């Protein structure tokens, strides 16, 4: 038999080549998948960041305004109502005509189109409210007047090939913009108001603070409710509950709840909290309740996993020394499981932060310009705000929406960092 | 000598004879040797343990003498660990496990459902197979028991308990300069001695050891064995071990378990030179197991 | 009681090491037994060649004793024997020494045979010598068989027999002393016989020791330095 004379090692060598090839192929599959994922992520980020960064900045015209009491219509500098109701637009229009040196009606109209008169009026109003009105009246102040969002759109894309946004202006307006630009009176800077104001129907005035605060209150309610409830439920199920048909049923249901579409939770919230209990609509309180329902399964499941991961030897050691069940749980199981529990909670909260469907059902998609000051004020949330802005036809709002996405992403990233940090901080090796 | 233990009359002299009441059903199941002693710290009578439907321990009767080391040996799955865990009700943590019979710690039946396991485990401490210090400092590991049982009112008392416990466990000199470093930083043998220190910090009367050296190297094992010998002057010790040599080295009496039955109990010298039961003989000479 | 061969060890090597030890021991026993037979024959038949043959074997016996000791040490070091295995090793370790001594005594008898052959007249006491020699040979044979078969009853026979031999020896001694007192010129020759008898008696003692080891090996009882009645009682009790 010739076959038997062939040594084992020779046979092994024969198969080696195919084996190595298979090995390489196998590794390649993995690398390709990861590369695909990375590419998608890279595309997404570059797209969002490219668009979103524009949303954070705005163009301003340096305008010198004379605070003329007669134009403003203020007779008593101490009367707040007069200050609030004063005719700021007139003042700004006057300053603008002077800046562009126009007199006839047609040109004046064209000038008015270049500036966001109302938004600039709020700036002026704020300035008066904060300062000493009687002293300021009659003086000349320099303000950064908001340009119209079309001008901002055009200016932000000046270098681009087919000059988008140019067709909105006639030659005269374009000349004015160029002159102002060359004179250095057009300033491109970060729009801080974006972070400090609520929503608005004008894109140049719209800010994200309302949505951010709304999301914050939502998450606060969600965290305060879901964390203790989730952990208590997990501890009970893991440490105390007997294993019988009932606990099995509960376990199956919790696992299923985690997979229920979130809009169902919205319906549930609508039916229970709004219709039955009569809580106010559009409030972070109700939103938090709904998101708690949605987050709980995630927290319970991850907390149970964390409790299960505590080595039984530690538990035995504590029992063996005479610790009671509660002492074992509080002194040993909980501290060791806490990093896992926190991670699960933060991941659950991050999910809740990005959730919009259930909020739709309880009316958090409404237009709410005021910044909420508590959990019972009407509010909207970041994802809802993004959706609304994107839906708006105005180009300025689209930019803001991208910027808001960036803000949301920042929140998510910082929450994840918090999760990692908490895990590192609390985790102890055993 | 006759004494009353529960509902059983134990006649020490006639242990080996068939008219003794403490025998197992059927002649083959009789425990041979001397399962009963006069100065018993713990007495187990008619102990049966079930895991669900499966019976793991069959009618075991055994005394553990005060200030003695009893070794329990036998092939894997013979129930020796299960039996050991009955002695401080550690089997309670397994929901499907049921223990029948009477287990006396001195005069108290510890298998009584009304018996609180917390004080029981303070009296009957346990050291486990794998060193399992808490993920805390060395000091906190030892101080944990006294703290939860409220054994020390003042910090200085606690310090003293920690020091004496570590000294008794022969670990003090090695760790006195790093009491506040994590217990997990110690070597395996040191960790196991830390666990022993943790156990004796609550001043138990009985210490149960479940294969305490199975994860240790021979030198660390020798140190633990030396420690067991010293501890036996003040404590009653029951040790389960896979190593027959270890049983031979550390114990005064040896109990041989086989398939959930207690086959033979005798003085260790007797078991290892001339056991009474052929199964014991076959096991300790390495003919099966 | 057949627990010594309940079944095999898990370790085949351990099994064969113990088997080797026993085989080696019994082989040495056979050699020594032959040595004793030949020594007695050499003196009663005044056969110098046979005596020389006995003395030549002495080296072989010494060598085998060392080999046996080494085997015992090896088993203890490597296997840490317990219970019956431990008793087997201990018994063989002790019995080997007895066998070696028996060989030495046979050697002495052979030397005496040569010494006697150089004298002209045949001394008195040959019949006693032959008689005692046969009994001792029997005893040695039973001892070794008892060892080979782990037979306690046979071993007990040896213990009984030893006392008989002692009595026989005392009678022979008295006779030879009388003979020496009759004619002091016979003393040197008679002494040779006495030394031989003495050696035979010692061989019997050693055989008794080995029998005691057999009882220890099988029953785990230490019956050394006890009277025959005590021994019989103890053995039957177990």
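Tabulated data
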read-out	value
Selection count where residues are buried (at least 20 other Cβ atoms within 10 Å of the Cβ), within 25 Å of residue B:270 (Cβ to Cβ) and in contact with a helix residue (DSSP H, G or I) (Cβ under 9 Å, 6 or more places away or on another chain), scope segment B:40-69	7
Yes/no for residue A:318 being closer than 30 Å to residue B:206 by Cα, modelled with pLDDT of 90 or more and more than 18 Å from the chain's Cα centre (by Cα)	yes
Scope segment B:115-140; condition more than 7 Å from chain A (Cβ to nearest Cβ), touching a strand residue (DSSP E or B) at 6+ places or on another chain (Cβ under 9 Å) and either under 16 Å from residue B:84 (Cα atoms) or in a helix (DSSP H, G or I) (or both); matching residues	B:120, B:123, B:124, B:127, B:129, B:138
Residue check for residue C:204: under 21 Å from residue C:113 (Cα atoms), within 17 Å of the chain's Cα centre (by Cα), in a helix (DSSP H, G or I) and touching a residue at least 12 places away in the same chain (Cβ under 8 Å)	yes
Residue among A:422, A:393, A:379 that is in contact (Cβ under 8 Å) with a residue 60 or more places away in the chain and either within 16 Å of the chain's Cα centre (by Cα) or within 30 Å of residue A:58 (Cα to Cα) (or both)	A:379
Breaking point among (1) away from chain B (no Cβ under 14 Å); (2) free of Cβ contacts under 8 Å to residues at least 40 places away in the same chain; (3) buried (at least 21 other Cβ atoms within 10 Å of the Cβ); (4) over 30 Å from residue A:407 (Cβ atoms), for residue A:271	(3)
Qualifying residue in segment C:217-227 (condition: within 24 Å of the chain's Cα centre (by Cα), at pLDDT 85 or above and closer than 15 Å to residue C:136 by Cα)	no
Options B:216, B:208, B:186: the member that is under 21 Å from residue A:322 (Cβ atoms) and touching a helix residue (DSSP H, G or I) at 6+ places or on another chain (Cβ under 9 Å)	B:208
Unique residue being within 20 Å of residue C:40 (Cβ to Cβ), touching a residue at least 60 places away in the same chain (Cβ under 8 Å) and in contact with a helix residue (DSSP H, G or I) (Cβ under 7 Å, 6 or more places away or on another chain) when the list is C:172, C:232, C:190, C:228	C:190
Matching entry among A:61, A:67 (being modelled with pLDDT under 85, buried (at least 16 other Cβ atoms within 10 Å of the Cβ) and in the same structural domain as residue A:117 (by TED's automatic domain parsing))	A:67
Qualifying residue in segment A:103-121 (condition: in a loop (DSSP other than H, G, I, E, B) and surrounded by fewer than 12 Cβ atoms within 10 Å (Cβ to Cβ))	yes
Residues of segment C:88-108 that turn out to be within 28 Å of residue B:276 (Cα to Cα) and away from chain B (no Cβ under 14 Å), as a count	5
Boolean, residue B:165 is closer than 26 Å to residue B:222 by Cβ and either within 9 Å of another protein chain (Cβ to nearest Cβ) or assigned to a helix (DSSP H, G or I) (or both)	yes
Residue satisfying all of: in segment B:180-189; in contact with a strand residue (DSSP E or B) (Cβ under 8 Å, 6 or more places away or on another chain) and crowded, with 18+ Cβ neighbours inside 10 Å; farthest from the other protein chains (Cβ to nearest Cβ) among these	B:183
Residue A:323 vs. criteria in a helix (DSSP H, G or I) and within 11 Å of chain B (Cβ to nearest Cβ)	no
Residue within segment C:73-87 that is surrounded by fewer than 19 Cβ atoms within 10 Å (Cβ to Cβ), away from chain B (no Cβ under 14 Å) and closer than 25 Å to residue C:33 by Cβ present	no
Residues (in contact with a strand residue (DSSP E or B) (Cβ under 7 Å, 6 or more places away or on another chain), within 12 Å of another protein chain (Cβ to nearest Cβ) and surrounded by 18 or more Cβ atoms within 10 Å (Cβ to Cβ)) located in segment B:82-114	B:84, B:87, B:88, B:90, B:91
Of the criteria (1) in contact (Cβ under 8 Å) with a residue 24 or more places away in the chain; (2) crowded, with 18+ Cβ neighbours inside 10 Å; (3) within 14 Å of chain B (Cβ to nearest Cβ), which one residue C:55 fails	(3)
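The values are calculated or read from the model by the stated rules, or taken from the named source; none is laboratory data. It should be emphasised that the depicted structure is a prediction, and the values quoted were computed from it without experimental measurement. Glycine also receives a Cβ, built like all others from the backbone with ideal geometry; neighbour counts cover every protein chain displayed.
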